[in-house]
Each structure stands twice: as structure tokens, then as C-alpha cells.
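Some notes on the structure that comes next.
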Amino acid sequence: MYINIDLYIICDTMVLMKDMQLKDRIRNLREERKLTQADVAVRLYVSRLTYISIENGDKKPNIDQLEAISAILGTTTQNLLFPGVIALQNSNLSKYRQMCQACIQHGGSVIDGKITKTKLAKILYLVDFSWFVKTGKSMSGLNYRALPRGPVADEFFQMTDEMFESGQVQIEAKGAALLFSNTEQPSYAELSDNEQRHIIKVSEKWRSSDTQTIVDFTHKQFPWTFTNPGMEIPYDLAKQIPVDQLY
């Protein structure tokens, strides 16, 4: 069940805006881009007075307005709401590919080494978000989004397609599922020993579970229930998960 909650309220609760208010970041970004309040109001499809009340902090924007304001100001909703979290992340696609191959190796079937695409995406999410809670930073530096089958990194689908095209993984269809397997022993040069141990620990925990079980597990976690469909999932929400339920 999705909880329709204003993300600005979440920010207030988590005290992520104490250094600078949302209204100040909106105003600063607007001025940096040399836009007037009227310019933004027109593109936001609201009156100038309504927009001014948002920028003054008298009115909290709803989720649709936050996404529209972010697009107008050339940023993302997550960056607008959680600038400190974004600053911690350093996107590394080659490292994410190695994380993916490690999750296949240690989370795939003990019989044939295969894992469903959906299960793979969920294990990667659990690895990344539990690592953030443990260390204060994402392992991959990528953003995750609340999609119908659970949290998925924005780059996951394109990356797995590229891995298949380059021969790093094999993909075969089994009914409605796509099964992934490594084609050779991967190199984990970009993963530290501690990162590899964490991936192994999380992956092996889910190795014998079916796809629906891990989907249901991620759907019950705080980051999923407090993020609206299609929205980016702030890493900081994982800090609200009980430690024994992180993965």
C-alpha cells in the first residue's frame, strides 16, 4: 500500500532542512537561473501570488508542484529536498556493474547460478541502502526510484542491457521472468574487501528465496512505503529501518 505523504513533511520530521529552508533553496536557484517569480509561476500553472507564497514559505508545495519546480529550476526533487544526501554520492557505473556481477555470483541459484532480473535489482537496492546506513554513503552513488516491483536504480535497466550486449552476462527468458547469469569470473577491482563482504552477506541471505518474497520485503520497508510511485527514494529514509530488518 502506498502512503500519499507530502515529502516536505518528511523532511521536517527528519530535520534535513535545518541549515537552509526549502523556500531559500528554491529562491536561490531561481535567482541563479535569472528567472522571475512570474516566470516560474507561469510554467508552474499557478498564479504569481500562489508561487510567492511557496517561495516565502507560507504554502508547502505538493509533490506534483515540487517535481515541476525542480524541473523548472534544472535540478531533481531529491536534490531540492535532500541536498546533503546527494552531496555524499559519487555515481560510479563501472563499480555498479561489478556490484551487479557480485550479486549474481552470490545471490544466484546454487544449482545454475541464475537469478531473476527483479530479484537482482532488489538485492542491489538492499546492498546499497544498508551500506549507506552502515557507512554514511551509498556504495554505488546512484539514485533509486520507487517502481511497481520495488526500488530500482535509475541506471539498472540500461546497464544490464549493456552488460548483455558486451557479453558480461547471459540473459534467458523463463515464462515472464528474465534470468541473469555471469558468463565468466568477474573482476571486483573497484570494490573494497569490506564492500565485497557486505555484498556477499546480503546476497547469500536471499539466495534461496524466491523473487516475490524479496519484493514483498522491500515493499514493507520505510523507504518504499513513504515514497510515492515513480519518485526517487532518499537514502536517509533507510535510517528509519530497524537494524535487523535492513536486509
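Summary value for the range 90-245: 34 percent relative contact order, contacts being C-alpha pairs under 8 angstrom separated by 6+ residues. Each label point was placed 7 Å from the Cα along the Cα-to-Cβ direction; for GLU31 and ILE52 their separation is 1.7 nm.
Computed from backbone phi with θ = phi - 60° and the Karplus coefficients 6.51, -1.76 and 1.60, the 3J(HN,Hα) list for the range 54-66 is 5, 5, 7, x, 7, 10, 7, x, 7, 4, 4, 5, 4 Hz; x is used for glycine and proline.
Seen from every direction in turn and averaged, the convex hull around the alpha carbons of the range 130-246 projects onto 8.1 nm². Pairs spanning more than 23 Å between alpha-carbon atoms, out of LYS134/LYS220; LYS119/LYS220; LYS95/LYS134; LYS59/LYS137: LYS59/LYS137.
Give me the mean projected area, in nm² to one decimal, of the convex hull enclosing the Cα positions of the chain.
Details: hull surface 58.1 nm².
Orientation-averaged projected area of the Cα hull: 14.5 nm².
Placing unit charges on each Cβ (+1 for Lys and Arg, -1 for Asp and Glu) gives the range 90-245 a dipole about its Cα centre, and among THR118, THR225, SER140 the Cα reaching farthest toward its positive end belongs to THR225.
If exposed GluC sites (Glu not before Pro) are those in a DSSP loop with at most 13 other Cβ within 10 Å, what is the longest stretch of the chain that has none? It works out to 1-183. What the Cβ-Cβ distance of THR225 and LYS59 gives, at R0 = 22 Å and to the nearest 0.05, is a FRET efficiency of 0.25. Amide H to amide H distances under 5 Å link GLY141 with ASN90, where only residues 5 or more positions off or on other chains count and H is placed in the peptide plane. Among SER53, SER109, SER181, the largest mean-square fluctuation in a Gaussian network model of the chain, built with springs joining Cα atoms closer than 10 Å, belongs to SER53.
Across the range 223-233, rounded Karplus estimates of 3J(HN,Hα) from the backbone phi angles (6.51 cos²θ - 1.76 cosθ + 1.60, θ = phi - 60°) give x, 6, 5, 9, 10, 6, x, x, 7, 5, 9 Hz, Gly and Pro being marked x.
Only four residue types carry charge here, +1 at the Cβ of Lys and Arg and -1 at the Cβ of Asp and Glu. Report the dipole size of the chain about the Cα centre in Debye, rounded to the nearest 20. Mind dumping the intermediate values first?
Details: 28 positive and 29 negative charges, 74 e Å.
For this selection, approximately 360 debye.
Could you please report the charge total around THR218, scoring K, R as +1 and D, E as -1 over all other residues with beta-carbon less than 14 angstrom from its beta-carbon? Before the final figure, lay out each step's value.
Details: positive: LYS119, LYS122, ARG145, ARG149, LYS205, LYS220; negative: ASP128, ASP210, ASP216.
Once all neighbours under 14 Å are counted, the net charge is +3.
Determine the dipole magnitude for the range 151-247: charges of +1 sit on the beta-carbon of Lys and Arg, -1 on that of Asp and Glu, nothing else is charged, the reference point is the Cα centre, and the result goes in debye to the nearest 20. Intermediate results must be reported in sequence, preceding the final value.
Working: 7 positive and 16 negative charges, 106 e Å.
Its charge dipole is roughly 500 debye.
The distance from the alpha carbon centre of the range 113-128 to that of the range 132-185 is 7 Å, rounded to a whole number.
Computed from label points 7 Å out along Cα-Cβ, the spacing between LYS239 and THR213 is 3.2 nm.
Rule-based calculations on the coordinates, nothing more; no lab input. Owing to the predicted nature of the structure, the values given are computational and were not obtained by experimental measurement. Neighbour counts run over all protein chains shown; Cβ positions are idealised from the backbone, glycine included.
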